[in-house]
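The values are calculated or read from the model by the stated rules, or taken from the named source; none is laboratory data. Just so you know, these numbers come straight off a predicted model, no measurement behind them. For neighbour counting, all protein chains shown are included, and Cβ atoms are generated from backbone atoms with ideal geometry for every residue, glycine included. The protein model used for the area step is the full one, side chains on, heavy atoms only, and it has no ligands, DNA or RNA in it. Shrake-Rupley method; radii C 1.70, N 1.55, O 1.52, S 1.80 Å.
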Amino acid sequence: MERRKFIKQGVMLGVAGIVASKTGSLLAHPNTTNNPTADHNGEYTLPPLPYGYDALEPYIDKETMEIHHTKHHAAYVSNLNKGLAATTGKAELEAINKLGLESILANISKYPMPVRNNAGGHYNHSLFWTLMKPVNKDSSASNAPSGNIAEAINTAFGNFEDFKKKFTEAATTRFGSGWAWLYVNAERKLAIGSTPNQDNPLMDMADIKGTPVLALDVWEHAYYLHYQNKRADYINNWWHTVNWEKANALFIAHK
Ligand code: MN
């Protein structure tokens, strides 16, 4: 009982802070953020993929995408709903859910581990899908960023190739399961890092903190069917699928 009260008070305090600080910025740009909200039943739902399961071939195969989306991501959503229902009262949950998953991530240390894992899982995958785009099989043009994010990458990392090397290193060296990130840090600068499991830079207990603008899933479930143990090959090919327009929009909304 005491634990539940503690969680409730902590969460409500956090919600008040987010309402005060973010109504002017984050919530005003719904199309350029990735902040899943619950449906009218107060539950999170699996978002559809913004393209077909085979759209990322030959770099990410159809079967991997289908299992990743309909089994792995779906399980995070379902277990997030179960986890939240078990820890938070209905009225409180409604208020929190209206603010979206980012409000939960910002206070995630107050929740039990299953909520942390599944809230991260839902958030990270929802973002990951939108940061990839159908592969143009007729074009041999290289897939590189343009606009504000391209300039900021050059400023922060020297040039695009050096940025790719550094990001690839973060993704390759993440031991076990986790994610690599390009994110806007507290100084409003681009930074590269990685997190274990389903953690992300929005979580209050994370080692790296900021707003993600690019995400890469390096769990084995993201590549094992096609690449087996060759994570480096998966990462090298993933660059062909990156949706730089979306990354740029996220960057502009948060820089
Ligand atoms: Mn995954």
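The figures follow:
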| item | result |
| --- | --- |
| Residues being within 16 Å of the ligand (Cβ to nearest atom) and open to solvent by 50 Å² or more (accessible area, probe 1.4 Å) - total across the stretch 198-228 | 5 |
| All positions within the stretch 113-138 that are outside any helix (DSSP H, G or I) and in contact (Cβ under 8 Å) with a residue 60 or more places away in the chain | L131, M132, K133, P134, V135 |
| Any hit, the stretch 233-248, residues being open to solvent by 20 Å² or more (accessible area, probe 1.4 Å), away from the ligand (no atom under 14 Å from the Cβ), out of contact with any Phe, Trp or Tyr (no Cβ under 7 Å at 6 or more places or on another chain) and over 21 Å from K133 (Cβ atoms) | no |
| Selection status of T195, free of Cβ contacts under 8 Å to residues at least 40 places away in the same chain and touching a Phe, Trp or Tyr at 6+ places or on another chain (Cβ under 8 Å) | yes |
| Sole exception among (1) touching a strand residue (DSSP E or B) at 6+ places or on another chain (Cβ under 9 Å); (2) in contact (Cβ under 8 Å) with a residue 24 or more places away in the chain for T173, by number | (2) |
| Residue in the stretch 143-173 that is nearest to N35 (Cα to Cα), counting only those that are touching a Lys or Arg at 6+ places or on another chain (Cβ under 9 Å) and of a type outside the set (S, T, N, Q) | I149 |
| Hits in the stretch 65-87 (condition: at pLDDT 95 or above, in contact with a Phe, Trp or Tyr (Cβ under 7 Å, 6 or more places away or on another chain) and of a type in the set (V, I, T)) | V77 |
| Matching option when the condition is over 20 Å from T211 (Cβ atoms), part of a helix (DSSP H, G or I), without any contact (Cβ under 8 Å) to a residue 24 or more places away in the chain and more than 16 Å from the ligand (Cβ to nearest atom), among A85, A141 | A85 |
| Filter pass, F128 being closer than 18 Å to Y183 by Cβ, among the aromatic types (F, W, Y), surrounded by 14 or more Cβ atoms within 10 Å (Cβ to Cβ) and more than 16 Å from the ligand (Cβ to nearest atom) | no |
| Residue that is farthest from the chain's Cα centre (by Cα), among those in the stretch 166-197 that are of a type in the set (D, E, K, R) and surrounded by fewer than 13 Cβ atoms within 10 Å (Cβ to Cβ) | E187 |
